[in-house]
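Asker: Handing you this structure, nothing more for now.
Values quoted throughout were computed directly from the atomic coordinates according to the rules given, and no laboratory measurement underlies them. These numbers were taken from a predicted model, which means no experiment stands behind them. Using ideal geometry, Cβ is built from the backbone for each residue, glycine included, and neighbour counts are taken over all protein chains shown.
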Amino acid sequence: MNQLPAPGTRLPVETHGLTREQMLEIAYYLRLTRSLEERVVALFRQAKVIGGIYRSLGQEGESVAAAYALDYARGDVVQPLIRNLGAILVAGARPVDVLRQYMAKGNSPTRGRELNIHFGHPARDGFIGQISMLGDMIPVMAGIALAGRMQKRNLVALAFIGDGGSSTGAFYEGMNFASVQKLPMVVVLENNGYAYSTPSTKQTAARTFADKAQAFGCHGETIDGNDVFTVYGTVRRAVDRARSGGGVSLIEVKTFRMKGHAEHDNQAYVPKELIEEWSARDPIVRYEQALVEMGLATAADFDAMQQRIRRELDAAVDEAERSPMPDPREAGLGLFAGDGYWER
Amino acid sequence: MNQLPAPGTRLPVETHGLTREQMLEIAYYLRLTRSLEERVVALFRQAKVIGGIYRSLGQEGESVAAAYALDYARGDVVQPLIRNLGAILVAGARPVDVLRQYMAKGNSPTRGRELNIHFGHPARDGFIGQISMLGDMIPVMAGIALAGRMQKRNLVALAFIGDGGSSTGAFYEGMNFASVQKLPMVVVLENNGYAYSTPSTKQTAARTFADKAQAFGCHGETIDGNDVFTVYGTVRRAVDRARSGGGVSLIEVKTFRMKGHAEHDNQAYVPKELIEEWSARDPIVRYEQALVEMGLATAADFDAMQQRIRRELDAAVDEAERSPMPDPREAGLGLFAGDGYWER
Amino acid sequence: MTAETTYLEAIRQAMIEEMDRDERVFLIGEDVGTYGGAFKTSAGLIDRFGPERVIDTPISEIAIIGAASGAALMGMRPIAEMQFIDFITCAYDMLVNFTATNRYLYGRACPIVVRGPAGGGVHGGPFHSLNPEAMFLNRPGLKIVYPATAYDAKGLLKAAVRDDDPVLFIEHKFLYRRIREPLPSEDYIVPIGQAAVRRRGTDLTIVTWGAMVYVAEEAADELKNDGVSVEIVDLRSIIPFDEQAILESVAKTSRVIVLHEAPLTGGAGAEFAARIAEKAFDYLDAPVKRIGALDVPTPYSPPLEAAALPDKNKVIAAARELLAF
Amino acid sequence: MTAETTYLEAIRQAMIEEMDRDERVFLIGEDVGTYGGAFKTSAGLIDRFGPERVIDTPISEIAIIGAASGAALMGMRPIAEMQFIDFITCAYDMLVNFTATNRYLYGRACPIVVRGPAGGGVHGGPFHSLNPEAMFLNRPGLKIVYPATAYDAKGLLKAAVRDDDPVLFIEHKFLYRRIREPLPSEDYIVPIGQAAVRRRGTDLTIVTWGAMVYVAEEAADELKNDGVSVEIVDLRSIIPFDEQAILESVAKTSRVIVLHEAPLTGGAGAEFAARIAEKAFDYLDAPVKRIGALDVPTPYSPPLEAAALPDKNKVIAAARELLAF
Ligand SMILES: Cc1ncc(C[n+]2csc(CCOP(=O)(O)OP(=O)(O)O)c2C)c(N)n1
Ligand SMILES: Cc1ncc(C[n+]2csc(CCOP(=O)(O)OP(=O)(O)O)c2C)c(N)n1
Ligand SMILES: [Mg+2]
Ligand SMILES: [Mg+2]
């Protein structure tokens, strides 16, 4: 397993061909993700969010950086888990739609039928939300990659899976099939230490999660998930490899879930030291520091960025709050084609 | 991957502490397996077998040798696939019961409810037949190993899985769980080249099937499945390791399915050369030659053994043929406890 | 009209014609390519369409259904074969939770066809004899069809491939090579959701589908000798089902048997019987009678299997009971 | 009698008492140990019984059900938790094909209990609101219970643990902390297969179970104001079910509503309605009316969920229709 840098270590920064503009765009998505999530938390506390919320605090780096390695104009598709808000923002999801989803509004992308970031259409939006059954999206993403190849679209499918989700039979069958077919697929395995209360050590006895690649004969590696540049560079290489016929990659990003499984979980089962240790590795702080140190941005730039985000989110929250709840008379519609519900 | 010996290669024979008596017993089970199967084929041709037959020709060596590594008196349990007739004979299954199963007789172990070697009770018989859904027995065997540990019985569970069956989610979940729990379990993965018509290369892109062990963090190795001594020795070491708390082993035995998937399949899809190549590696011929060369047995001994087997099987066939078909009035009984059906 | 065509060949032709017609259609499953399928249902397809459109997979039902579904979201029209329909249980989660919910939850079309051999009577034992329809009835989003004739097998499979929603296409393996009929040489479909009245009668309706249509026919033949005129409604589609055809028949005959091959309890027949009992209450001169298999896994040995599955005699006995009511 | 005990606490107590009583009983599932279960149903169990008998697993439902079943064959009495009952779909194959068939096919006892939170009304969305009973009705070999009260939850769980066959124990998560009652301090069980008449009445029977018992009660209260006397039969066990209790009630009232929370089509109610329509034909003064959810995955947003699920008003409307028949 790759050694993680001790907190505070200075590493020479490899920027993987990113332009300054791109680096700032990444910075924007990182802050947008964190800020949007804070808005969701605030709305949750006001009881305006229906159901639970699942934070990505401390994991925004890998979410954003991995998704940023795709080329959506070419038809690439990313499949987020519940904590990959950052990934769908990069792919083009609008904050107002995310908020409407969380608030169960009638004009949310799923029209109030599904929760949080479980939405998106692979061919139209460049992303597809998961269903709750962990692991199921891996075979589905293999199918998306397969269709892309059949349609000669040369697209890449990027799937996220958790350390917990990687124990499912669905994950295994999908990875194995994709590898046999050498499909253009990249899987980012987020090892954030826990699956709900279950530590990764109880999830598998494999030496690393990347070792699971050996079962599929696909590329596998473990990287620091809180280092935006490393994640971007590694996933980008995997995407390029996938696009040029090199098959599947399984990339374990080591990161940490800084909050409980959901808002109600105070994660008493997580040793305090671990949380402190990982606090010092905050991916956004690290990334912004690097930009500052490279002379690519100043504190003032980030302040301005935050102002812009605040304005955008004010507007988004406002619009989401003013959105109507669904019409109960429509609850029975749109199960099959033909009743015109989804064409309205 | 371990290199297989070229046909005809002479290897120094390591007998893994087997006594002459044991070696002859193994020889007996090898011939018994092949002969019993031939009887089943003959009965099939006479339309006395109901349903299909699935040959283990060329695979008897690993079936028998692996099962011989267990200690049934201690409560060890073996779980055969459809082609592991040899394994259950070693565990104590009676030929007459096997024949009754194939002939769907009312006094077969499943009383005509299930097919061929799908029978046995882990706690009573030392073996448990599979259900048809490939992979499902791996979690079940993990549970058997788990119960053994809870009951402080220090038993070992030995499961077979095919190259094809190893692509199932059930296999993966069971292996992963067993490895996390460090259960006393040994899994023999029979890589016999094909799953029905599908070659192993289309089954997985993994370098070897033993590499799948990496996904579980368990012991993995690949061996020559047509060398009885190697299989016995390797499985025996794995069994000892399992019994002494060393956890799970995944042992890939390289062998070959010398007949089609079932009797109706002429395996036109298998290159002739492969069949010829593997014919020269017949496990029984090799094993007996080794015994002769070591001066442990003579051709006359094997002849005598074959006579004995012929007599035993004559009697078994006779008894099976004379056994009654099930009573149709009992078709609805014995679904739940309490109607006394299984106590009769 | 073409030559006499078996039920199996009708399915094969439907796949070939649909793949010829629409390059988005492809076949995926275990041994469907080189081998042409365990029952040879896809014999020759790989030669015609190549391994890109006839995909041999690992033994991974979850991956088969999942990958087919993912491809369907992208605009493809996959046909996913289960080597035996029993193995759809291994991908149950994927099919009911992912595939079937795409439109209702997300407004996405996921037009896959899942097909495979079902049904008993061939001594296949408990894991190769399943009639799976009822397992999916309470999980909305999947259409289910179960043809009884070669004509319907071809027409329904073509309709399923062209349908914009996922369809479970159930083939009865007992019928594969046992029935045959000449088929139209021109392209046709059998619309999903329409029953077929197999035999017109006035005294009693048998609502059934799949191989049980023939059991109903046998029973009807024998009852005819007693002067009883039986109407047989072959549902063909289980979801959506042709409620109107059922009710029309019952309104005429006032007596009805619902017959299926799956176990009685919780079988799809319960749904039809409950509907009839509610909506045709005023027409009924006798209780709605259901006939299904015994409530056990299908046993393997011929005498047990025969005892477990419905047969002509059980239907005749039930009919007499109803007529005497 | 003990203090007021919630439905959730009743389940917890049943597990503790059964594990105290019989060392063959153990609990296996995701987050059941250290965390005490996603709903805290097993809080404190790991401290009392240790990690050997309260096993935290990987996210592997197939392994959970498979391992529990294997252990059961060896004489253990596992309780397997699904974090939400929806996830039993992931182990559907294992449960229906392996676990449920052990006795009928092989004469083996496989006494596991599968339990977990089910049901809607808490805005859990399509994958955390399932009522799973109908999915298993046509696959023989599994018993199914669905308690509506704290008393029944405890008594049925104990009966399930002691049962020699596999039992699916369905818990309604809406009831977890919303209902409470004092429970007997001595050991008791509620026998599997026996219904409970929750309210005696003469004009109309409502056959129901799970959280719908309370919807039936609300409707009955309101109907009482109109002078309508409603009898409520809480089935408690779905397989085997108490046919006698149903028929006795219907014989008395001659009018019956079958009410469940799962979607209408193919719901377990179809089975009960079909039985009633057949066996109580002569008693019925009106058609058997079924009420279930809309035939859609349970939508998440409160107005949609409310519209999809059955409620008091739908029951009252159906009752009035039947009474006017
Ligand atoms: C098949 C399945 N089983 C159980 C669950 C319940 N569940 C939801 S999230 C979760 C933990 C997920 O852990 P991980 O995959 O590591 O993702 P993380 O929450 O750490 O991001 C569990 C057990 C589920 N959603 N799907
Ligand atoms: C889950 C599942 N899918 C499909 C099948 C159908 N099937 C029966 S045997 C077989 C091939 C098995 O190949 P392998 O595991 O390599 O064993 P072998 O026949 O070579 O001994 C298949 C596909 C099955 N039994 N179970
Ligand atoms: Mg995690
Ligand atoms: Mg094989």
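Asker: Using 7 Å Cα-to-Cβ label points, what is the residue B:21/residue B:310 separation (nm, one decimal)?
Answerer: 2.8 nm
Asker: Okay, next question. Once whole DSSP H runs in chain B are found, which of them have Cα atoms spread over 30 Å or more along the helix axis and a mean Kyte-Doolittle score of at least -0.5?
Answerer: Working: long enough: B:20-45 (37 Å, -0.15); B:299-322 (34 Å, -0.90).
Both cut-offs are met by B:20-45.
Asker: Sticking with this structure for a sec: At 27 Å minimum axial length over the Cα atoms and a Kyte-Doolittle cut of 0.5, report the qualifying DSSP H helices in chain D, or say none.
Answerer: Working: long enough: none.
Counting only whole DSSP H runs, no helix qualifies.
Asker: On to the next question. Using a Förster distance of 25 angstrom, determine the FRET efficiency expected from the C-beta separation of residue C:221 and residue D:278, and round it to 0.05. Before the final figure, lay out each step's value.
Answerer: Working: r = 26 Å, r/R0 = 1.02.
Efficiency at R0 = 25 Å is approximately 0.45.
Asker: Related question: Can you tell which of B:114, B:330, B:277 shows the greatest fluctuation in a Gaussian network model of chain B with Cα springs below 10 Å?
Answerer: B:330
Asker: Using the alpha carbon gyration tensor of chain C, what are the three equivalent-ellipsoid semi-axes (square root of 5 times each eigenvalue), largest first, in whole Å?
Answerer: Values: eigenvalues 223, 81, 72 Å².
Semi-axes from the Cα gyration tensor: 33, 20, 19 Å.
Asker: Turning to a different aspect of this structure: How crowded by other chains is C:107-115, given as the mean number of beta carbons from other chains within 10 Å of each beta carbon?
Answerer: 3
Asker: Relative to the other copies, what are the label-point distances for residue B:153, with labels 7 Å from Cα along the C-beta vector, expressed in nm at one decimal and sorted shortest first?
Answerer: For residue B:153, the other copies' label points sit at 5.4 nm, shortest first.
Asker: Which of the three applies to region C:170-274, rounded, prolate or oblate, going by the alpha-carbon gyration tensor with a ≥ b ≥ c and a/c under 1.5 meaning rounded? Can you show the working numbers first?
Answerer: Values: a/c = 1.41, a/b = 1.24, b/c = 1.14.
It is rounded, given that a/c, with a ≥ b ≥ c, falls under 1.5.
Asker: What's the magnitude of the charge dipole for the protein assembly as shown around its Cα centre, counting Lys and Arg as +1 and Asp and Glu as -1 at the beta-carbon? Answer in Debye, nearest 20. Before the final figure, lay out the partial values.
Answerer: Working: 144 positive and 172 negative charges, 131 e Å.
Its charge dipole is roughly 620 debye.
Asker: Between B:52, B:225, B:165, find the one with the highest GNM mean-square fluctuation for chain B; connect C-alpha pairs within less than 10 Å.
Answerer: Comparing B:52, B:225, B:165 in a Gaussian network model of chain B, the most mobile one is B:52.
Asker: May I have the convex hull volume per residue, in Å³, for the Cα set of region B:227-299? Each step should come with its number before you reach the end.
Answerer: On the way: hull volume 10.1 nm³, N = 73.
Spelled out: Cα convex hull of region B:227-299, divided by residues, is 138 Å³.
Asker: Ok, one more. Hey, rough spin-label estimate for residue A:264 and residue D:285, points 7 angstrom out along Cα→Cβ, what's it come to in nanometres?
Answerer: With each label point 7 Å from Cα toward Cβ, the separation is 4.6 nm.
Asker: Something else: Pick out, in residue order, every one of the GluC sites (Glu not before Pro) in region C:114-187 that is DSSP loop and has at most 14 other C-beta atoms within 10 Å; say none if there are none.
Answerer: On the way: sites: C:133, C:171, C:186; in loops: C:186.
Listed in order of number, the matching sites are C:186.
Asker: A follow-up question, please. If we count other beta carbons within 10 Å of each Cβ, what is the order of B:322, D:200, A:34, D:162, fewest first?
Answerer: Going from sparsest to densest Cβ surroundings: B:322, D:200, D:162, A:34.
Asker: Along the charge dipole of chain C, pointing to its positive end and built from +1/-1 on Cβ of Lys, Arg, Asp and Glu, which listed residue (C:123, C:205, C:264) has its Cα farthest out?
Answerer: Checking the options against the dipole of chain C, the answer is C:205.
Asker: Another question, then. What are the principal axis extents of the Cα atoms in region D:258-325, in Å, biggest first?
Answerer: 44, 24, 11
Asker: A further question follows. Roughly what % antiparallel, to the nearest 5, for the DSSP beta bridges in the protein assembly as shown? Don't jump to the answer; show the numbers that get you there.
Answerer: On the way: 20 of 127 bridges.
Roughly 15 percent of the beta bridges in the protein assembly as shown run antiparallel, per DSSP.
Asker: Write down Rg/Rh for region A:209-344, rounded to two decimals, with Rg from the C-alpha atoms and Rh from the Kirkwood relation over Cα pairs.
Answerer: Working: Rg = 22.2 Å, Rh = 20.1 Å.
Checking Rg against Rh, the ratio lands at 1.10.
Asker: Rank the residues A:209, C:98, C:174 as a footprinting-exposure proxy: fewest other Cβ atoms within 10 Å of their Cβ go first.
Answerer: If I rank by nearby Cβ atoms, fewest first, I get C:174, A:209, C:98.
Asker: Once you charge only the Cβ atoms, +1 for Lys and Arg and -1 for Asp and Glu, what is the size of the charge dipole of region D:23-109 about its Cα centre, to the nearest 20 debye? Each step should come with its number before you reach the end.
Answerer: Values: 7 positive and 10 negative charges, 90 e Å.
For region D:23-109, the charge dipole is close to 440 debye.
Asker: In addition: Taking springs between alpha-carbon atoms closer than 10 angstrom, which of A:123, A:91, A:145 fluctuates most in the Gaussian network model of chain A?
Answerer: Checking each option, the largest mean-square fluctuation is seen for A:123.
Asker: Return the FRET efficiency for the residue pair residue C:40, residue C:314: r is the Cβ-Cβ distance, R0 is 30 Å, and the value is rounded to the nearest 0.05. Show your work: numbers first, answer last.
Answerer: Values: r = 33 Å, r/R0 = 1.10.
Using R0 = 30 Å, I get an efficiency of 0.35.
Asker: Among the DSSP beta bridges whose two residues both lie in chain A, what percent are antiparallel, rounded to the nearest 5? Intermediate values should be presented prior to the final figure.
Answerer: Numbers: 2 of 24 bridges.
About 10 percent, rounded to the nearest 5.
Asker: Between residue D:114 and residues 5 or more places away or on another chain, which pairs have amide H atoms under 5 Å apart, with H built 1.01 Å from N, and which residues are they?
Answerer: D:80, D:167, D:168, D:169
Asker: Separate question: Would you tell me which residue of chain A has the beta carbon closest to the rotation axis bringing chain A onto chain B, and how many whole Å away it is?
Answerer: That would be A:169, 1.
Asker: Under 5 Å between amide hydrogens, which residues at least 5 positions from residue C:238 or on another chain qualify, with H placed 1.01 Å from N in the peptide plane?
Answerer: Residues meeting the criterion, in which the H sits 1.01 Å from N, are C:144, C:145, C:146.
Asker: Compute the projected area of the convex hull of the Cα atoms of region B:115-160, averaged over all viewing directions, and report it in nm² to one decimal place.
Answerer: On the way: hull surface 12.7 nm².
Its average projected convex-hull area is 3.2 nm².
Asker: Give the percent of DSSP beta bridges with both residues in chain C that are antiparallel, rounded to the nearest 5. Don't skip to the answer; put the middle values down first.
Answerer: Details: 8 of 40 bridges.
Just about 20 percent of them are antiparallel.
Asker: Also, I was wondering about something else. What's the long-distance tail for region D:64-220, i.e. % of Cα pairs beyond 25 Å?
Answerer: Value for region D:64-220 (Cα pairs over 25 Å): 32 percent.
Asker: Listing A:121, B:118 from the residue with the fewest other Cβ atoms within 10 Å to the one with the most, what is the order? Working shown, then result.
Answerer: On the way: A:121 19, B:118 24.
By the 10 Å Cβ count, ascending, the order reads A:121, B:118.
Asker: Something else: Based on the alpha carbons, how large is the Rg to Rh ratio for region B:12-86 when Rh follows Kirkwood? Could you put the intermediate results ahead of the total?
Answerer: Numbers: Rg = 14.5 Å, Rh = 13.9 Å.
We get a ratio of 1.05 for region B:12-86.
Asker: Here is a further query. Any idea what log10 I(q)/I(0) is at q = 0.08 Å⁻¹ for the protein assembly as shown, Debye with uniform C-alpha scatterers and no solvent?
Answerer: -0.95
Asker: Rounded to the nearest 500 deg cm²/dmol, what is the calculated helix-only ellipticity per residue at 222 nm for the protein assembly as shown, with -39500 (n - 2.57) per DSSP H run of length n ≥ 4? All intermediate terms of the calculation are to be shown ahead of the outcome.
Answerer: Values: 46 runs with 510 residues, N = 1338.
Counting only the DSSP helices, I get -11500 deg cm²/dmol.
Asker: Turning to a different aspect of this structure: If you bin every alpha carbon distance in region D:202-325 into 10 Å steps from zero, what whole percent lands in each bin?
Answerer: Spelled out per bin, shortest first, that is 14, 48, 32, 6, 0.
Asker: Taking only the C-alpha atoms, wrap a convex hull around region A:191-233 and report its volume per residue in Å³ as a whole number. Could the numbers behind the result be given before it?
Answerer: Values: hull volume 3.6 nm³, N = 43.
Each residue corresponds to 83 Å³ of Cα convex hull volume.
Asker: Still on this structure, please answer the following. Hey, what's the Cα Rg ratio for region D:1-124 versus the globular rule of thumb, 2.2 N^0.38 Å? Each step should come with its number before you reach the end.
Answerer: On the way: Rg = 14.6 Å, N = 124, 2.2 N^0.38 = 13.7 Å.
Output field value: 1.06.
Asker: By what distance, in whole Å, do the Cα atoms of chain A stretch along each of the three principal axes, largest value first?
Answerer: Computed over chain A, the largest-to-smallest principal extents equal 57, 49, 42 Å.
Asker: Using a simple charge model, +1 on the beta-carbon of Lys and Arg, -1 on the beta-carbon of Asp and Glu, nothing else, what dipole does region A:13-158 show about its Cα centre, in debye to the nearest 20?
Answerer: With Lys and Arg at +1 and Asp and Glu at -1, about 520 debye.
Asker: Oh, and also: I'd like the distance separating the alpha-carbon centroids of region B:72-93 and region D:251-325, in whole Å.
Answerer: The two parts, judged by their Cα centres, are 52 Å apart.
Asker: Sticking with this one: Compute the FRET efficiency between residue C:1 and residue C:48 as 1/(1 + (r/R0)^6), taking r as their Cβ-Cβ distance and R0 = 30 Å, and round to the nearest 0.05.
Answerer: Values: r = 23 Å, r/R0 = 0.78.
So the FRET efficiency works out to roughly 0.80.
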